[in-house]
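What follows draws every value from the coordinates through simple rules; no lab data is involved. All figures in this text were calculated on a predicted structure; none of them were measured in a lab. Here the Cβ positions follow ideal geometry from the backbone for every residue, glycine too, while neighbour counts run over all protein chains shown.
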Amino acid sequence: MAEISAQLVKQLRDKTGAGMMDCKKALKESEGDITKAIEWLRQKGLASAGKKAGRVASEGLVDSYIHTGGRIGVLVEVNCETDFVGRNQAFKSLVQDIAKQIAACPNVEYVKVEDIPADFIEKERSIALGSDALKGKPEAVKTKIVQGKLDKTLREMCLMDQPFIRDQSITVEELVKQAIANLGENIQIRRFQRFVLGEGIEKAESNLADEVAAQIGGK
């Protein structure tokens, strides 16, 4: 397959308003054919989503999800442009799906990579650079390996980069873009909080065998 040039990605982005990574993926799926790539983006609902991304979204919903058994809970705020869409059942379903996604992703701490503090990223880079596996490798190779590991680590921490639990072929970011295309408004996941029962509480250690023995001996 022909290499996908940055110029071709830009050309597709200018035509559709879709994100850079979405354009690159569309071109790969279409073997560099820009007409087919546009059709691919339209089928995925991504062609018009990028054009709406800069519009103010201050309406929407704060919603919750409590997992079966009450051991995991989620609060999430998802914004749209108008109260009309905020009351739409499709939007409400989207917010619930996002809340369930957060419940299912224990490693996710941020909405997107841009939200991760710079000092954390640099600390992770330093840790990766200090890996014994890099010893003796050329500097250029080290840089490439470290960046690849860092990118993977950061993506694992971000909600938008997670495979959607109901359809693993798309990410949460693609799910949101499809909703933008379907509902005609900018939609943004603003913030969330995941609660795990007992998290952060120092629990007293106990020996189950001793407890059982004591109970039997007391009878």
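Can you find, among Asn79, Ile127, Met160, the residue sitting farthest towards the positive end of the charge dipole of segment 63-179, where Lys and Arg contribute +1 and Asp and Glu -1 at Cβ?
Result: Ile127, furthest along the dipole toward the positive end.
Using DSSP H assignments, which helices in the chain have an axial alpha-carbon span of 18 Å or above and a mean Kyte-Doolittle hydropathy of 0.0 or higher?
Passing helices, by number: 89-103.
For Arg191, list long-range residues whose amide hydrogen, built 1.01 Å from N in the peptide plane, is under 5 Å from its own amide hydrogen.
Here the answer is Glu77, since their amide H atoms fall under 5 Å of that of Arg191.
Using only Cα atoms, what is the ratio of the radius of gyration of the chain to 2.2 N^0.38 Å? Write down the numbers at each step before the final one.
Details: Rg = 22.6 Å, N = 219, 2.2 N^0.38 = 17.1 Å.
Computed over Cα atoms of the chain, the ratio equals 1.33.
Would you mind classifying segment 93-214 by shape? Square roots of the alpha carbon gyration tensor eigenvalues, ordered a ≥ b ≥ c; an a/c under 1.5 is rounded, otherwise it is prolate if a/b is larger than b/c and oblate if not.
It is oblate, given that a/c is not under 1.5 and a/b is not larger than b/c.
If each DSSP helix of 4+ residues adds -39,500 (n - 2.57) and the sum is divided by the residues in the chain, what number results at 222 nm, nearest 500 deg cm²/dmol?
Roughly -14500 deg cm²/dmol at 222 nm, from the helical runs in the chain.
Hey, got the dipole for the chain? About the Cα centre, +1 on K and R Cβ, -1 on D and E Cβ, debye to the nearest 20? Could you put the intermediate results ahead of the total?
Working: 33 positive and 33 negative charges, 115 e Å.
It comes to approximately 560 debye.
List the residues whose amide H sits under 5 Å from the amide H of Asn186, counting only those 5 or more places along or on another chain, with H placed 1.01 Å from N in the peptide plane.
Glu81
If we sort 22-35, 179-192 on the protection proxy, mean other Cβ atoms within 10 Å, highest first, what's the order?
Values: 22-35: 18.1, 179-192: 19.7.
Final packing ranking: 179-192, 22-35.
Could you tally the net charge around Ser30, taking each other residue with its Cβ under 10 Å from the Cβ of Ser30, Lys/Arg +1 and Asp/Glu -1?
My count for the surroundings of Ser30 gives -1.
Between their Cα atoms, which of Lys28/Lys137; Lys25/Lys135; Lys24/Lys112; Lys28/Lys112 are more than 29 Å away from each other?
Cα-Cα > 29 Å for Lys28/Lys137; Lys25/Lys135; rest within.
Tell me which of Leu8, Gly32, Ala18 sits at the most positive position along the dipole axis of segment 6-47, charges placed on C-beta atoms (Lys, Arg +1; Asp, Glu -1).
With unit charges placed on the Cβ atoms, the residue in question is Ala18.
Using amide H atoms built 1.01 Å from N in the peptide plane, name the residues 5+ places from Gln162, or on other chains, whose amide H lies under 5 Å from its own.
Val172, Glu173
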